[in-house]
Amino acid sequence: MTSSSRADRCAVLIIGGGNAGISLAARLRRRGVRDIVVVEPRETHVYAPLQSHIAGGVAGRRQVVRSQARVTPRGVRWVQDRVVAVQPDGHVVELESGRRLVYGRLVVAAGIERRWDAVPGLQEARRTPHLVSNYTLPLAEKASLVLRDLRAGTVVFTQSAEPASCAGVAQKPMYLACDRWQSEGVLRDMRVVFVSPEKAPFHIAPVADELQRSLDRYGIETHFGASVTEVRPGERELDIVSDGEKITIGYDVLHAAPPQAAASWIAASGLADAEGFVDVDDETLRHRRLPDVWALGDAAPITTVRSGGAIRSQAKVVADGITDAKKPSRYDGYTETPFTVTRRTAVFAEFDRGGRLEPTIPFWKTLYRERRFTYVMDRWVLPWIYWNLILKGLA
């Protein structure tokens, strides 16, 4: 449906037309739910996990983008607008255009916002040729060219502090670029620096060990437990603080992961927990105080690492909660983080909210180790599943 569809009242209103919103809408339609509205301002739908592959030079735009109209399930009304407020007492959602939608049930699948302005100088650096990122499609495409053409100098890769959308994906373009530079014989002329607020490459020890081997193989200089405090794009340098010490690093290219936070209207509407995300139960994904409200995806604080791979399980739980309240299913906190560590292999971490490894293939306890198989899954199989099964409510 197009944005001109009228949707003043609806049975189910979903805020957000990304992975979470569309996959849930498709599941609900397959269960016979009628009168579903999805509010989404963007005209294009992006498969975000492949942005890291674009930044790393091993994927292109055609594999990542579809029109929003094309992915919206048949029978679901798409309102192309932006939410500015929710009035839960009146079951009303206010839109930027001034339009008001009245809902029976509300699902918040609004994702997470990038706060480029949260670090002094970072917003200004975006407008220079020297800043790239895998967190937006234009910056990922820019990264593909900039990193490909670089032959010497200092490249700094930063990772976001939590909360973030799959923070570890900031490492993927770094490994892909290093693998290319190594194969072209120019890595020895590079100073590659990785800045992360975490104390290790990953919070699960066996996965951290796998990633550390790649860091060592490429000779990457690491600053763990560090945060970026300022970027000065004119001088092409940034300040980080590590263990209370300020360190200044000059760069030729900065691959930045911006700070992230929940949309401000969530807290202003009385839907939020203490950190500003939708206050839902960890297992049922239903709001703790408002029984007609659910949330999933990056807008919900329900897992240790936010990821697209976690949404498939979450969408099933929310769909069950809306259509079969007598037999609600439970979300165990499953999530995943894939790391492409070469242009042929990947480390694929799957785990629950307690940090216990939870491989999709039962009994394959070492699935997280660097393998060609998991690279093929991450690069080729999962994107096909996403476009052809997940967004259609079939997986």
Could you tell me whether segment 35-43 includes any residue that is modelled with pLDDT under 95, among the acidic types (Asp, Glu) and touching a strand residue (DSSP E or B) at 6+ places or on another chain (Cβ under 9 Å)? no
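Residues checked against (1) assigned to a strand (DSSP E or B); (2) out of contact with any Phe, Trp or Tyr (no Cβ under 9 Å at 6 or more places or on another chain):
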residue	(1), (2)
275	no, yes
310	no, no
314	no, no
320	no, yes
339	yes, no
350	yes, no
366	no, yes
Mind checking which residues of segment 79-132 are among the acidic types (Asp, Glu) and closer than 25 Å to residue 165 by Cα? 81, 96, 113, 117, 124
Scanning segment 363-382 for residues that are under 19 Å from residue 169 (Cβ atoms), surrounded by fewer than 19 Cβ atoms within 10 Å (Cβ to Cβ) and without any contact (Cβ under 8 Å) to a residue 24 or more places away in the chain gives 376, 380, 381
Segment 109-120, residues that are farther than 17 Å from residue 40 by Cβ and assigned to a loop (DSSP other than H, G, I, E, B): 115, 119, 120
Only one of these is assigned to a helix (DSSP H, G or I), among the β-branched types (Val, Ile, Thr) and buried (at least 18 other Cβ atoms within 10 Å of the Cβ): 193, 207. Name it. 207
How many residues are closer than 22 Å to residue 230 by Cα, crowded, with 18+ Cβ neighbours inside 10 Å and not hydroxyl-bearing (Ser, Thr, Tyr) when one looks only at segment 147-162? 4
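Just one of 353, 379 is within 21 Å of the chain's Cα centre (by Cα) and modelled with pLDDT under 95; which is it?
On the way: 379 fails: modelled with pLDDT under 95.
Testing whether each residue is within 21 Å of the chain's Cα centre (by Cα) and modelled with pLDDT under 95 leaves just 353.
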In segment 164-183, is there at least one residue being surrounded by fewer than 16 Cβ atoms within 10 Å (Cβ to Cβ) and not β-branched (Val, Ile, Thr)? yes
Residue under question is residue 186, and the condition is that it be out of contact with any strand residue (DSSP E or B) (no Cβ under 8 Å at 6 or more places or on another chain) and either within 30 Å of residue 120 (Cα to Cα) or exposed (fewer than 15 other Cβ atoms within 10 Å of the Cβ) (or both); does it hold? yes
Residues that are without any contact (Cβ under 8 Å) to a residue 60 or more places away in the chain and surrounded by fewer than 18 Cβ atoms within 10 Å (Cβ to Cβ): list the helices (runs of 4 or more DSSP H) wholly contained in segment 1-108 that include at least 1 such residues. 68-71
Name the pairs whose Cβ atoms lie under 6 Å apart, with the first residue in segment 151-170 and touching a residue at least 24 places away in the same chain (Cβ under 8 Å) and assigned to a loop (DSSP other than H, G, I, E, B), the second among the aliphatic types (A, V, I, L, M) and surrounded by fewer than 23 Cβ atoms within 10 Å (Cβ to Cβ), and 6 or more positions between them or separate chains? 151/186; 159/167; 160/167
Could you tell me whether segment 70-90 includes any residue that is of a type in the set (Gly, Ala, Ser), within 22 Å of the chain's Cα centre (by Cα) and closer than 23 Å to residue 395 by Cα? no
Residue that is farthest from residue 14 (Cα to Cα) [pool: residues in segment 239-291 that are in contact (Cβ under 8 Å) with a residue 12 or more places away in the chain and of a type in the set (Lys, Arg)]: 246
Being in contact (Cβ under 8 Å) with a residue 12 or more places away in the chain and assigned to a loop (DSSP other than H, G, I, E, B) is the filter here, so list the residues in segment 325-337 that pass it. 328, 329, 330, 331, 332, 333, 334
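Would segment 279-289 turn up any residue that is polar (S, T, N, Q), over 23 Å from residue 386 (Cα atoms), part of a loop (DSSP other than H, G, I, E, B) and in contact with a helix residue (DSSP H, G or I) (Cβ under 9 Å, 6 or more places away or on another chain)? Before you say what the answer is, go through the steps one by one.
Here is the first cut: in segment 279-289, the ones polar (S, T, N, Q) are 284.
Adding the requirement that they be over 23 Å from residue 386 (Cα atoms) leaves 284.
Next cut, part of a loop (DSSP other than H, G, I, E, B) only: 284.
Those still in the list that are in contact with a helix residue (DSSP H, G or I) (Cβ under 9 Å, 6 or more places away or on another chain) too: 284.
Within segment 279-289, one or more residues are polar (S, T, N, Q), over 23 Å from residue 386 (Cα atoms), part of a loop (DSSP other than H, G, I, E, B) and in contact with a helix residue (DSSP H, G or I) (Cβ under 9 Å, 6 or more places away or on another chain).
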From the residues in segment 220-236 that are out of contact with any Asp or Glu (no Cβ under 9 Å at 6 or more places or on another chain) and in a strand (DSSP E or B), which one is surrounded by the fewest Cβ atoms within 10 Å (Cβ to Cβ)? 221
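The values are calculated or read from the model by the stated rules, or taken from the named source; none is laboratory data. Keep in mind the model is a prediction, meaning the values are calculated, not measured. Note: ideal-geometry Cβ built from the backbone for every residue, glycine included; neighbour counts use all protein chains shown.
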